[in-house]
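The values are calculated or read from the model by the stated rules, or taken from the named source; none is laboratory data. Just so it is clear, the model here is predicted, and its values are computed rather than measured. Glycine also receives a Cβ, built like all others from the backbone with ideal geometry; neighbour counts cover every protein chain displayed. With ligands, DNA and RNA removed, areas are computed over all heavy atoms of the protein, side chains included. Shrake-Rupley method; radii C 1.70, N 1.55, O 1.52, S 1.80 Å.
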Amino acid sequence: IAVFLKEERKNTPAGKNIVVGSEGFFGTPYDGLMIYLEKVPGILVTGIGISVSDVHESLISAKKAGDKVYIVVNSTRLYALPNDIGVKLISSYPKAVKANGSREELLLLEVTDHAVKIADVKKAQDAADAKAAALKKLSPR
């Protein structure tokens with residue numbers, strides 16, 4: 001993943017970054033990415049929590065700013081279909097088979113413009129819902 005991101009950095013316009021949202025805030029994959037990328041200018045790694053069911057607001061902001069944005073997450077921590085949250089699978093890296101026979105994969109996902117649209121629609125819906133709730137409280141029963 002680090003090699004891919006370093007290559008992507010070479011093709012990133014001046015003034016733009018590569019932003020990587022990593023599952024968790026410490027441990028692998030976060031610390032693994034930091035080991036290989038912390039000294040690479042223009043690549044920023046940020047923790048986004050232990051489960052991924054949507055694209056984190058900070059990643060949406062980076063995408064809106066014109067940065068290339070990726071998510072690195074274990075397959076068992078991705079709680080949405082990629083297309084449903086506006087991300088595209090770039091690559092997957094299988095891990096060792098567990099004692100129970102299951103196998104997890106480390107996923108590299110690209111945040112697309114569709115994720116921004118999804119986030120904007122959700123934000124507008126949340127605002128409308130809040131307004132409706134406030135009006136409901138004000139209306140006599």
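Some points to look at:
- Only one residue of 114, 43, 94 has its Cα farthest out toward the positive end of the dipole of the chain, where Lys and Arg carry +1 and Asp and Glu -1 on Cβ, and that residue is 114.
- Sequence-distant contacts, meaning Cα pairs under 8 Å at least 6 residues apart, place the relative contact order of the stretch 1-127 at 23 percent.
- Each Cα pair under 8 Å and six or more residues apart adds its sequence gap; the mean of these over the residue count of the stretch 52-141 is a relative contact order of 31 percent.
- Among 40, 111, 97, residue whose mean-square fluctuation peaks in a GNM of the chain (springs only between Cα atoms under 10 Å): 97
- For the chain, built as a Gaussian network whose Cα springs stay under 10 Å, the top-fluctuating residue of 60, 18, 50: 50
- Sorted into 5 angstrom bins from 0, the C-alpha pair distances of the stretch 69-118 split as 5, 21, 28, 20, 12, 7, 4, 2, 0 percent.
- In the context of the full set of protein chains, residues of the stretch 50-141 present 65 Å² of accessible surface per residue (probe radius 1.4 Å, heavy atoms only).
- log₁₀ of I(q)/I(0) at q = 0.19 Å⁻¹ - the chain, Debye sum with one point per alpha carbon: -1.10
- Cα centroid of the stretch 1-59 to Cα centroid of the stretch 74-141, whole Å: 18
- Within a Gaussian network of the chain (alpha carbon springs, distance under 10 Å), most fluctuating of 126, 113, 31: 126
- Net charge dipole size for the stretch 90-141 [Lys, Arg +1 and Asp, Glu -1 on Cβ; Debye, nearest 20]: 440
- Altogether, the Stokes-Einstein calculation at 25 °C and 0.890 mPa s, with the Kirkwood radius of the stretch 1-84 over Cα pairs as Rh, returns a diffusion coefficient of 188 µm²/s.
- Efficiency of FRET between residue 75 and residue 34 - r from beta-carbon atoms, R0 30 angstrom, step 0.05: 0.90
- Dipole size of the stretch 41-107 about its Cα centre, with +1 on Lys/Arg Cβ and -1 on Asp/Glu Cβ: approximately 180 debye, rounded to the nearest 20.
- Using Cβ point charges alone (K and R +1, D and E -1), the dipole size of the chain about the Cα centre works out to roughly 340 debye.
- Beta bridge orientation in the chain: antiparallel %, DSSP, nearest 5: 55
- Modelled spin-label separation between residue 137 and residue 4, with each label point placed 7 Å from Cα along the Cα-to-Cβ direction: 4.5 nm.
- Placing a label point 7 Å from the Cα of residue 46 along the Cα-to-Cβ line, the residues of the stretch 3-21 whose backbone N sits under 14 Å from it are 17-21.
- Rounded percent of accessible protein surface that carbon and sulfur make up, the chain, 1.4 Å probe: 57
- Listed residue (12, 71, 53) projecting farthest to the positive dipole end of the chain, Cβ model: 53
- Value of [θ]222 nm, deg cm²/dmol, for the chain, DSSP H segments ≥ 4, -39500 (n - 2.57) each, nearest 500: -12000 deg cm²/dmol
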